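All remarks here apply to the structure that follows.
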Amino acid sequence: MPRLYRTCLVTAALVLAIHLPAIGDDAAIECDLAWREASGLFAGECVESGGDEYELTLELEHPAAPRSRSDLMRALGGGIRPGQLSVPEEDLALPIGWEVKTLSGAQHIILRDPRGWFPLADIEVDEAGFRFSYSLDRMVPPTEVDLAILERADEILDGPAHWNRDDDRECEDDFESQNFSLYCALARACVEVLGGFEHRQPAMQEVRLAIDAMAGESRFEHRLKDFNNTRTFDDVKAMLARARQSVLATLQAD
């Protein structure tokens, strides 16, 4: 199994084990990070609305502490900066990313945590550190790239004969046999469109939301895998169509 996919699956499994709120929970999260000059990073705590806490870091290639939002935006420019989300009492640490993206014509600082990609709000940067909030109900919206991923996944799943209805979230055998589960069709589409697989790419999130809308009272441990393995091929195609329509509605609204 390629290391890229194995890493994504291990990360997802770890997320299930820690007590973080899930997408759709009423969870406003407030964070307060201090600059650690010796390490060249911000580090501190985030507190969710229920009172649970976890720690975040943001590593910068920066000779001095950013003293303003514009300083921080410049330090983040040009790529994805690494960081870590940790829950000390669970003895767990997960990689995260930070970047600057243009959304609706304005630049935003984005946190890529294990549940999705989130624009930061209420940002304050000064000599005391870096403070912000984010909400699990507000993710980075999909773009034309995400529409292309969903359309390509739909093309890959071109008929029941090329559908793997026994998904194990390991895609190497799907690629070799050219029989794809929903998860692996999306992974293949991501690789073809983006050049690599992003487990929380907005296209993947739109599919998860479409599954939630179609699942009714069903609750899945792994939404893409379990939906694929318990529903019909027509259900999978209808769900992809629903996700595409959602992305189109977002693009048209912009």
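Read-outs: derived from the displayed coordinates by stated rules, not from any lab. Note that the structure is a prediction, hence the values are computed from the model and not measured. Neighbour counts are summed over all protein chains in view; Cβ atoms, including those assigned to glycine, are modelled from backbone coordinates with ideal geometry.
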Inter-part distance where the range 141-199 and the range 69-93 are each reduced to a Cα centre, Å:
29
Using θ = phi - 60° and the Karplus form 6.51 cos²θ - 1.76 cosθ + 1.60, what ³J(HN,Hα) does each residue of the range 177-182 get, whole Hz, x for Gly and Pro?
7, 6, 10, 10, 6, 4
Pairs of alpha-carbon atoms within less than 8 angstrom and 6+ residues apart define the contacts here; what relative contact order does the range 173-254 have, in percent?
30
Tensor-based shape of the range 144-253 (alpha-carbon gyration tensor, a/c under 1.5 rounded, otherwise prolate or oblate):
oblate
Please list 3J(HN,Hα) in residue order for the range 59-67, calculated via the Karplus relation 6.51 cos²θ - 1.76 cosθ + 1.60 where θ = phi - 60°; whole Hz, with x for glycine and proline.
8, 10, 8, 9, x, 9, 5, x, 10
Any chance you could run the full-extension gain for Asp168 through Gln252? It's 0.36 nm times the residue separation minus the Cα-Cα distance, nm to one decimal.
26.7 nm
Among [x] 19.1, 61; [y] 32.8, 97; [z] 22.1, 65, the entry matching Rg and Dmax of the Cα atoms in Å as calculated here is [x]
Counting other beta carbons within 10 Å of each residue's own, what order do His199, His62 fall into, fewest first?
His62, His199
Tilt relative to the chain, helix 3-17 - C-alpha long axis, 0 to 90 degrees, to 10:
70
